[in-house]
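Enquirer: First the structure, which I've put down as structure tokens, then a few questions once you've had a look.
The values are calculated or read from the model by the stated rules, or taken from the named source; none is laboratory data. All figures in this text were calculated on a predicted structure; none of them were measured in a lab. So basically every Cβ, Gly included, is an ideal-geometry build from the backbone, and we count neighbours across all protein chains shown. To get the accessible areas, we keep the full protein, side chains included, count just its heavy atoms, and leave off ligands, DNA and RNA. Shrake-Rupley method; radii C 1.70, N 1.55, O 1.52, S 1.80 Å.
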Amino acid sequence: MRIFVFNKDFSEQSVRQVETLLSFLDISTIVLDYEWEKVLSNSKIEYTNFEEFHKRPGLKGILFLNILDGNYLMKYKNKNTFYIFRPRGIVPEESYYKKKNLVKREILNFIERKVIKRVDYFIFLSDTQKAHYFNKYKSILMNKHIKSTILPNLKISEKSLFKSTVKERSPLKIVYSGGFSKWQNIELVFKTFESLLNVYESVEFSVLTFENNFDYAEKLARKYNVFKVFKVKYVNPEILNSELRKYDVGIIIRDKSIVNSSASPFKVIDYLSNGLGLIVTDSVAEASGLKGFLNSNSYFVIDFNAGKISYQKDNLIKFIEQILNEKTKMNIINSYNNFTKEILAEEISLKIENAAVEMNKLKNLY
């Protein structure tokens, strides 16, 4: 069965979402709009426009990543279309989290409910995201016996690039890579680094972000007394991996909202695939499933409650000593690669194909 990935968003994050799908689905079955050929340049993918694809005879899959696209696609739904929903996030809840607009949230809930009723298969980001949808729409999804699989945001790392780079380094180099949106808790990132500096003096802190964030980053660095060991710069996405390999630890601070708990942050993947240890809040550790594949000495969890962070000083020092061990970077990369291999072995494309064939057989009985 051919699957058309319907996505008109060409932002960096959206492109990375599509790249995850291409890495872990059977690429020979994937069809994309002509516009994606300019972005991906992958000769193994078929490119055509959606209208032409939809006119093809026989069973076909249509995969979408947000409820607004799903709502638009409802008019194309028929007995020969198998709708696959890969939620980039939980849109009504995210909207309310950012804007606190109840009316907009209820409108988005209405749209989401309409879309969920027509979905045939889910590819969730995490177990938490799956639980959210099945709790929210229990009557719909349980009655339809909807099948699903879990595919976190991932990328295939190039292990060979690290063979000559691992060595003991001092000072400890910590990095934050990302934007300054409200949910990214950037001020708490600086506050966390300030507290780390009080525990371990030989440390540097770099922020990789967009240029329009530079002034605010420098303001925070001064506010939290870390300016002397602080750097800020923009890194083009094409060279982000080579830049990240220069650091020891990546930091991510998220609160315990359902928006963050059901996410699969790309930054976790960026850090781990380049051999960085992690300093994260408990919500990030849970959402990313770190306990399931990463050695406990490769990440350090800090508690985040009521806007305040806390941790055991002795445990942090122990974590830092482990991270500076020359073998740790390769151990992190190996753990990450083994995790991705397990997902590749699950044959997600085959699961989708079998579910589609089963659904089609049932439809033909009526």
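Enquirer: Pick out the one residue from Phe85, Phe24, Phe10 that is of a type in the set (Phe, Trp, Tyr) and over 16 Å from Leu151 (Cβ atoms).
Expert: On inspection, the qualifying residue turns out to be Phe10.
Enquirer: Only residues that are open to solvent by less than 40 Å² (accessible area, probe 1.4 Å), farther than 16 Å from Tyr247 by Cα and among the hydrophobic types (A, V, I, L, M, F, W, C): list them for region 181-195, please.
Expert: Listed by number, the residues that qualify are Ile186, Leu188, Val189, Phe190.
Residues checked against (1) crowded, with 20+ Cβ neighbours inside 10 Å; (2) more than 22 Å from Asp120 (Cβ to Cβ); (3) touching a helix residue (DSSP H, G or I) at 6+ places or on another chain (Cβ under 9 Å):
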site	(1), (2), (3)
Ser11	no, yes, no
Asp26	no, no, yes
Ile30	yes, no, yes
Glu37	no, yes, no
Ile45	no, yes, yes
Ile62	yes, no, yes
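Enquirer: Restricting to region 294-311, count the residues that are closer than 16 Å to Lys256 by Cα and either touching a Ser or Thr at 6+ places or on another chain (Cβ under 7 Å) or open to solvent by 50 Å² or more (accessible area, probe 1.4 Å) (or both).
Expert: Of the residues in that region, 9 qualify.
Enquirer: Which is in contact with a helix residue (DSSP H, G or I) (Cβ under 7 Å, 6 or more places away or on another chain) and acidic (Asp, Glu), of Asp303, Asp314?
Expert: On the way: Asp314 fails: in contact with a helix residue (DSSP H, G or I) (Cβ under 7 Å, 6 or more places away or on another chain).
Answer to the check: Asp303.
Enquirer: Sticking with this structure for a sec: Go through region 218-240 residue by residue and tally those that are of a type outside the set (D, E, K, R), in a helix (DSSP H, G or I) and touching a residue at least 24 places away in the same chain (Cβ under 8 Å).
Expert: Residues in region 218-240 being of a type outside the set (D, E, K, R), in a helix (DSSP H, G or I) and touching a residue at least 24 places away in the same chain (Cβ under 8 Å): 5 in total.
Enquirer: While we're on this one: Since Gly70 meets every condition but one in (1) more than 19 Å from Lys147 (Cβ to Cβ); (2) surrounded by 22 or more Cβ atoms within 10 Å (Cβ to Cβ); (3) touching a residue at least 40 places away in the same chain (Cβ under 8 Å), which condition does it not meet?
Expert: (1)
Enquirer: Further question on the same structure: Is it fair to say Lys155 is open to solvent by less than 80 Å² (accessible area, probe 1.4 Å) and more than 25 Å from Gln13 (Cα to Cα)?
Expert: Details: open to solvent by less than 80 Å² (accessible area, probe 1.4 Å): yes; more than 25 Å from Gln13 (Cα to Cα): no.
Answer is no for this residue.
Enquirer: May I pose another question? Run Glu46 past the list (1) more than 30 Å from Ile258 (Cα to Cα); (2) out of contact with any Asp or Glu (no Cβ under 9 Å at 6 or more places or on another chain); (3) free of Cβ contacts under 8 Å to residues at least 24 places away in the same chain and report the number of the one that doesn't hold.
Expert: The one condition Glu46 does not meet is (3).
Enquirer: Right, next: Being in a helix (DSSP H, G or I) and touching a residue at least 40 places away in the same chain (Cβ under 8 Å) is the requirement here; does Asp215 meet it?
Expert: The answer is no for Asp215.
Enquirer: I need a count of the residues in region 205-242 that are under 22 Å from Leu324 (Cβ atoms) and buried (at least 17 other Cβ atoms within 10 Å of the Cβ).
Expert: Final tally of qualifying residues: 7.
Enquirer: Looking at Leu344, Leu324, which one is farther than 27 Å from Gly179 by Cβ, among the hydrophobic types (A, V, I, L, M, F, W, C) and either open to solvent by 60 Å² or more (accessible area, probe 1.4 Å) or in contact with a Pro (Cβ under 9 Å, 6 or more places away or on another chain) (or both)? Quick ask: steps written out before the conclusion?
Expert: On the way: Leu324 fails: either open to solvent by 60 Å² or more (accessible area, probe 1.4 Å) or in contact with a Pro (Cβ under 9 Å, 6 or more places away or on another chain) (or both).
Only one candidate passes the filter, namely Leu344.
Enquirer: Looking at Ile251, Ile269, Ile258, Ile279, which one is touching a residue at least 60 places away in the same chain (Cβ under 8 Å), among the β-branched types (Val, Ile, Thr) and touching a Pro at 6+ places or on another chain (Cβ under 9 Å)?
Expert: Exactly one of Ile251, Ile269, Ile258, Ile279 is touching a residue at least 60 places away in the same chain (Cβ under 8 Å), among the β-branched types (Val, Ile, Thr) and touching a Pro at 6+ places or on another chain (Cβ under 9 Å), namely Ile269.
Enquirer: Which one is farthest from Asn331 (Cα to Cα) among residues in region 249-293 that are assigned to a loop (DSSP other than H, G, I, E, B) and open to solvent by less than 10 Å² (accessible area, probe 1.4 Å)?
Expert: Ser262
Enquirer: Okay, next question. Closer than 30 Å to Glu342 by Cα and at pLDDT 95 or above: which single residue out of Tyr47, Tyr76 fits that description?
Expert: So the residue among Tyr47, Tyr76 that is closer than 30 Å to Glu342 by Cα and at pLDDT 95 or above is Tyr47.
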